[in-house]
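Reviewing the structure listed below.
The values are calculated or read from the model by the stated rules, or taken from the named source; none is laboratory data. Small disclaimer: the values here were computed from a predicted structure and weren't measured. Here the Cβ is made from the backbone with ideal geometry for all residues, glycine too, and neighbour counts use every protein chain on show. For the accessible areas, the whole protein counts, side chains as well, though only heavy atoms, and no ligand, DNA or RNA atoms are used. Shrake-Rupley method; radii C 1.70, N 1.55, O 1.52, S 1.80 Å.
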Amino acid sequence: MTSRTRFPEVALFDLDGTLLDSAPDMLATVNVMRERRDIAPMTLAEIRPVVSRGARAMAGTAFPAWSDEEIVAAVPEFLAIYAQELGQHCAPFEGIPALLEALEAQGSRWGIVTNKPEQLARDLMPMLGWDTRCGVLIGGDSLPERKPHPMPMFRAAEVMGAAPNDCVYVGDDRRDIDAARAAGMLSIAALWGYRVAGDEPSEWGADAMVALPADLLQPKEWP
């Protein structure tokens, strides 16, 4: 593959664990749930690995003795608390603001494809100053399918007026890479994100693996 001298026409990103270090918001959420049940708080290190896996995984980690049925039943409580904690403790990962500015300065456009409920993701945008900059935002409930299905990727490319093969997707979970590959997009595994022990990004099939957001300030690091 020829080394790039410019950023891709369209850069698409996962949100939690890729653009945004949202684990502190998630920690606050599960600790409210635990406090209601007179259970000691968790630490950030305990919840961080499963943040990209969604509300069920986080509830299951916070309450390991619960059955699957109890975990599913607790998801609405989790989401209601999280809506109150949203944006109160999180921040973009170091290097992300500079990366987005670099993309924009060269005329590239960027957007978000996340499995987070769309309204929660949209509520975050003005808090981060991204509401007028993000070209597309597809949430986990925006369409009949979510990642790892390619439908959200196809929809994002369509909204951006780009062919899928003119887009590069950056994500920190295997589902991100699977969705991008299925849509015919190039992909980057974000190694700074959230992963459980034993989850090996080299096995995901991404076109590139990148250690830090700052590494992507060089167009040649993009596939």
Among (1) open to solvent by 20 Å² or more (accessible area, probe 1.4 Å); (2) in contact (Cβ under 8 Å) with a residue 60 or more places away in the chain; (3) not in a helix (DSSP H, G or I), where does ALA40 come up short? (2)
Residue satisfying condition, being in contact with a helix residue (DSSP H, G or I) (Cβ under 7 Å, 6 or more places away or on another chain), touching a residue at least 24 places away in the same chain (Cβ under 8 Å), farther than 19 Å from ALA57 by Cβ and open to solvent by 30 Å² or more (accessible area, probe 1.4 Å), within set SER142, SER187: SER142
Is at least one residue of region 23-33 out of contact with any helix residue (DSSP H, G or I) (no Cβ under 6 Å at 6 or more places or on another chain), in contact (Cβ under 8 Å) with a residue 40 or more places away in the chain, within 25 Å of GLY193 (Cβ to Cβ) and β-branched (Val, Ile, Thr)? no
If we ask which residues in region 193-214 are out of contact with any strand residue (DSSP E or B) (no Cβ under 6 Å at 6 or more places or on another chain), within 22 Å of GLU94 (Cβ to Cβ) and either of a type in the set (S, T, N, Q) or free of Cβ contacts under 8 Å to residues at least 24 places away in the same chain (or both), their number turns out to be 1
Do we have GLY205 as among the small types (Gly, Ala, Ser), more than 24 Å from MET58 (Cβ to Cβ) and either open to solvent by 10 Å² or more (accessible area, probe 1.4 Å) or within 17 Å of the chain's Cα centre (by Cα) (or both) here? yes
Of GLY135, GLY107, which residue is part of a loop (DSSP other than H, G, I, E, B) and on the phi > 0 side of the Ramachandran plot? GLY107
Yes or no: region 75-95 includes at least one residue that is outside any loop (DSSP other than H, G, I, E, B) and more than 30 Å from VAL136 (Cβ to Cβ). yes
Please verify whether ALA98 is in the same structural domain as PRO213 (by the TED database), open to solvent by 40 Å² or more (accessible area, probe 1.4 Å), over 15 Å from the mean Cα position of the chain (by Cα) and not polar (S, T, N, Q), treating the condition exactly as stated. yes
Do you know which residues across region 68-91 are open to solvent by 70 Å² or more (accessible area, probe 1.4 Å) and among the small types (Gly, Ala, Ser)? ALA73
Unmet criterion (only one of (1) outside the structural domain of ALA180 (by the TED database); (2) out of contact with any helix residue (DSSP H, G or I) (no Cβ under 6 Å at 6 or more places or on another chain); (3) in contact (Cβ under 8 Å) with a residue 40 or more places away in the chain) for ALA74: (2)
Quick one: VAL113 ticks every box in (1) surrounded by 14 or more Cβ atoms within 10 Å (Cβ to Cβ); (2) in the same structural domain as ALA211 (by the TED database); (3) touching a residue at least 40 places away in the same chain (Cβ under 8 Å); (4) over 26 Å from ARG174 (Cβ atoms) bar one, so which box is it? (4)
Tally of residues being open to solvent by 10 Å² or more (accessible area, probe 1.4 Å) and of a type in the set (Val, Ile, Thr) across region 1-37: 3
Considering only region 54-67, I want to know if a residue exists there that is among the charged types (D, E, K, R), open to solvent by 70 Å² or more (accessible area, probe 1.4 Å) and touching a helix residue (DSSP H, G or I) at 6+ places or on another chain (Cβ under 7 Å). yes
